[in-house]
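Contents: one structure, followed by commentary.
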Amino acid sequence: MIRFLQRPILFLRDRFSEKNFFILSSILVGITSGLAAVVLKYFVHKIGVLVTYSRQIETFFIFAIIPLAGILLTVLFVRYVLQNSLKKGSAEITYWIIKKSAFIPANNIFGHLLTSAMTVGFGGSLGLESPMVSIGSAIGSNYGRTYGLSYKERTMLIGCGAAAGIAAAFNAPIAGVLFVVEVLLVNVSVSAFIPLIISAACGALLSKIMLAEGITLAFSLQKPFNYNNVPFYILLGIFCGLTSICYARIFHGVESKIAQVKNIWHKAIVGGILLFIILIFFPPLFGEGYESVKLLEGKNALALIDGSILAPLINSETILLIFIFALIFFKMIAAAITLGSGGNGGSFAPSLVIGSFLGFLFSRLINTLRVIQLPISNFTLVGMAGILSGVFYAPLTGIFLIAEITGGYNLMIPLMIVSSLSLLVAHLFEPLSMEGKKLSIMLRSTVESRDKLVLSKIDLADLVESNFSSVPVDAKLSDLVKVIATSKRNLFPVIDSKNELVGLIHLDQVRSVMFDRVNHDVMTVKDLMEKPKVIVDINEGLHGVLAKFDQSNQWNLPVVDNGIYLGFLSKSSILSRYRKELIEFS
């Protein structure tokens, strides 16, 4: 079947110009990625219908244990079918772009499709958007591999697939494009927007045609923007930034704790039991949580307590608001538990749900004080953009996503205020987003500029030169002279019995004594060597290495791995490789 589909594309590739074929490719990738996102959304919706039906015929305690089944199925599939090869998150996609020449394994397509459906469909407290991005990216990469496209074209098709996935998830093509530009790809040129827009439009169109009303997230704007509420939007923006930092730190803390459980089955069971405990108290945290957002936006907050064992205790406005505040906190924990215990999903949906809770809680509290009456539905929606911006450091995505799913731009000003302030506050505490921090650890560097992106593509190990003749630390000058006679280098590393670097000898420094034979058996290498002023660790990033070259004013620096001598790194080889990568990138 696949070969049957490939033949007409190959036929067109041979007859189209390079530019026209790439535009065709962006359309095909957009349609395929959008279709995959629609299938995933529909599949999870149908699972959710079955699970909800079981809730009506069983006790809620049985209903709350269902997420454990989803996590166990996901772990089982990843372990035995995918051989633990499934990578999660946008940081992994960027890493594949930078370090793996934009080649993403094909098993990421069906791997993310099935595992995220099992996790979220069975009630795991995560979202489908991150898997959709991963699926679309893998589709774009493998399309580029199949038809022999260049690195730059493969990278753009990865972005096209991701944009189509987000666009299909929310029927929001502009948000899909902006997500790719802000989160996935660095320094995208203006010309790159054309294929991204085409792909996102294809994804959104498929979503519009194929998904029934209610499956995608959509709202109707309740009240127009009132400039008198600007001070309260400013306050909400600050709270969103602080909440985003709490989300990032709680998420990381909970994941780290769960990671201490080494056995994957024990980890999955522990995670499922913890989710069970949380859900019997807070049922709205089951699954993506978008139904809760619709309840808040529709001013039906009391329906959130349905099924909770706390319901009999919630008999006043104050207790209800405390319950919603607890939902914010426990949504962070539930999302981290689901992912950390082996489930698959992303932080997109949790950030939107937390934002809706925060916006509702903030406006409801202000209204309770009777100082002013704020439009609760507006603040609920704007809060979603605020948390999304603060978690992903993607304010434009947050702004235009809410604008698109509300069907208008009447909230543009408050969206801009809250999103920008949330990002500003979050950035004060954490220079990098959650995914940005993960990527920086993987690359040992950040990639916020084109120069850093190009340098991050270069592997330090590939540039180490090992043709320097080493000298034992206990050798005599006569031994050193023999080594110098057969070497084409003027720099000699001195190593001990454990092959650890202990010093360096420069030919110019020993030239005056090496020709006097009287010194040959008297002087030792240890007498002649000098301690290396600067040493490069093999695990360092090239940005830091270049800084060491500048500080030391040297053109060759020794490289070690935990003290073990490996070779030397040449500044000229780095610059030469950088020039080559820059040409390919451009």
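Observations, loosely collected:
- Net charge contributed by nearby residues that have their C-beta within less than 12 Å of Lys88 (K/R +1, D/E -1): -1
- Efficiency of FRET between Lys99 and Asp527 - r from beta-carbon atoms, R0 35 angstrom, step 0.05: 0.20
- Highest mean first, the peptides 243-253, 168-178, 523-533 sorted by other C-beta atoms within 10 Å per residue fall in the order 168-178, 243-253, 523-533.
- Cα-based shape type of segment 218-295, given that a ≥ b ≥ c are square roots of the gyration tensor eigenvalues and the cut on a/c is 1.5: oblate
- Mean Kyte hydropathy of 0.0 or more with a Cα span along the axis of at least 18 Å, helices from DSSP in the chain: 18-57, 60-80, 107-121, 151-170, 193-210, 230-259, 264-281, 317-340, 348-368, 376-392, 412-429
- Seen from every direction in turn and averaged, the convex hull around the alpha carbons of the chain projects onto 32.1 nm².
- Cα-Cα P(r), segment 288-344, percent of pairs per 5 Å interval: 4, 16, 24, 25, 16, 9, 5, 1
- Value of relative contact order over the chain, rounded to a whole percent, pairs C-alpha under 8 Å and six or more apart: 15
- Kirkwood Rh in Å, taken over segment 458-585 so that all alpha-carbon pairs contribute: 15.6
- In terms of the mean number of neighbouring beta-carbon atoms within 10 Å, the peptides 151-159, 267-275, 99-107, 76-84 order highest first as 151-159, 267-275, 99-107, 76-84.
- Relative packing of 306-314, 418-426, which averages over residues the other C-beta atoms within 10 Å, highest first: 418-426, 306-314
- Expected 222 nm ellipticity per residue - DSSP helices of 4 or more, -39500 (n - 2.57), all of the chain, to 500: -21000 deg cm²/dmol
- From least to most packed, judged by other beta carbons within 10 angstrom and beginning with the fewest, Glu317, Glu18, Glu288 follow the order Glu18, Glu317, Glu288.
- Full extension of the segment from His506 to Ile535, taken as 0.36 nm per residue of separation minus the current Cα-Cα distance, would add 8.9 nm.
- For the set Lys482/Lys533; Lys488/Lys531; Lys262/Lys331; Lys208/Lys437; Lys88/Lys331, the pairs lying more than 30 angstrom apart at their alpha carbons are Lys208/Lys437.
- Prolate/oblate/rounded call for segment 227-452, Cα gyration tensor, a/c under 1.5 rounded: oblate
Here, each number is a calculation from the coordinates, and none is a lab measurement. Not measured: the values here are computed from a predicted model. Virtual Cβ from ideal backbone geometry, glycine too; neighbours counted across all protein chains shown.
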